[in-house]
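> One structure coming up, written as structure tokens, with questions to follow.
What follows draws every value from the coordinates through simple rules; no lab data is involved. As the structure is a computational prediction, the values presented were derived from the model and not from experiment. Note that we place each Cβ from the backbone using ideal geometry, even for glycine, and neighbour counts take in every protein chain shown.
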Amino acid sequence: MLLSVATGEQAYHDYAEKTLRAFAAIAEEYPMFSYSYLISLHALHAGTYKVETSKYFEQALRDFRPYKFVVKKEIEGVLICEKDTCRKYDRYTVQCG
């Protein structure tokens with residue numbers, strides 16, 4: 001999932017989904033050994049949270065958010081993308097702490 005978010009390539013998302021479907025029967029049969037499968041399945045359905053920033057990079061790394069991907073990029077403010085929705089926050093709307 002994160003590779004798809006990092007590259008913007010839909011093919012990686014499709015591959016992750018296909019892989020999860022392939023292992024579904026095994027996860028059902030051996031639930032005690034399927035925690036990583038279940039985490040990946042939840043990430044697929046919950047979606048990822050991508051943060052692009054330069055000035056607030058360290059803060060973005062410290063803040064906890066499941067399935068978060070932080071990119072250090074020379075932009076003004078912060079760009080946050082959750083699933084298919086992106087919002088840009090500039091120096092007037094960013095509040096840290």
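> Treating the angle as unsigned and between 0 and 90°, give the value, to the nearest 10°, between the Cα long axis of helix 35-46 and the longest Cα principal axis of the chain.
50
> Let me ask something additional. Expressed in nm², what is the orientationally averaged projection area of the convex hull enclosing the Cα positions of segment 48-97?
3.2
> When only C-alpha pairs under 8 Å and at least 6 residues apart count, what is the relative contact order of segment 1-46, in percent?
33
> How big is the charge dipole of the chain about its Cα centre, in debye rounded to the nearest 20, if each Lys and Arg gets +1 on its Cβ and each Asp and Glu gets -1 on its Cβ?
Charge dipole, the chain, about its Cα centre: 320 debye, nearest 20.
> Here is a further query. Starting from the Cα-Cα distance between Asp90 and Ser54, subtract it from 0.36 nm times their residue separation and give me the gain in nm to one decimal.
11.8 nm
> Moving on. Which ³J(HN,Hα) values in Hz, rounded to whole numbers, follow from the phi angles of segment 71-85 under the Karplus curve 6.51 cos²θ - 1.76 cosθ + 1.60, where θ = phi - 60° and Gly and Pro get x?
My calculation for segment 71-85 gives 10, 7, 9, 6, 10, 7, x, 9, 10, 10, 10, 10, 6, 9, 10 Hz in order.
> Could you tell me which GluC sites (Glu not before Pro) in the chain are loop residues by DSSP with no more than 11 other beta carbons within 10 angstrom of their beta carbon?
Glu74
> Using only the Cα atoms of the chain, what are the Rg and Dmax in Å?
16.1, 52
> At 0.36 nm per residue, and after removing the present C-alpha to C-alpha distance, how many nm does the segment from His42 to Leu61 gain when stretched out fully? All intermediate terms of the calculation are to be shown ahead of the outcome.
Numbers: separation 19, 0.36 × 19 = 6.84 nm, distance 2.14 nm.
Gain on extension, His42 to Leu61, equals 4.7 nm.
> As I understand it, the value is the acute angle between the Cα axis of helix 10-22 and the longest principal axis of the Cα atoms of the chain; what does it come to in degrees, rounded to 10?
30
> Still on this structure: Taking every DSSP beta bridge that has both residues in the chain, what percent is antiparallel when rounded to the nearest 5? Could you put the intermediate results ahead of the total?
On the way: 10 of 15 bridges.
In the chain, DSSP labels about 65 percent of beta bridges as antiparallel.
> Once you place label points 7 Å from the Cα toward the Cβ at Lys73 and Leu2, how far apart are they in nm?
Inter-label distance under the simple model: 1.7 nm.
> When only C-alpha pairs under 8 Å and at least 6 residues apart count, what is the relative contact order of segment 48-97, in percent?
Details: 85 pairs, mean separation 19.6, N = 50.
Rounded, it is 39 percent for segment 48-97.
> If you add up the charges near Lys72, with Lys and Arg at +1 and Asp and Glu at -1, over every other residue whose beta carbon is less than 11 angstrom from its beta carbon, what do you get? Each step should come with its number before you reach the end.
Working: positive: Lys55, Lys73; negative: Glu52, Glu58, Glu74.
Around Lys72, the surrounding residues sum to -1.
> Taking amide H positions as placed 1.01 Å from N in the peptide plane, with prolines and chain starts having none, which residues 5 or more places from Val71, or on another chain, fall under 5 Å of its amide H?
Residues meeting the amide H criterion: Val51, Glu52, Thr53.
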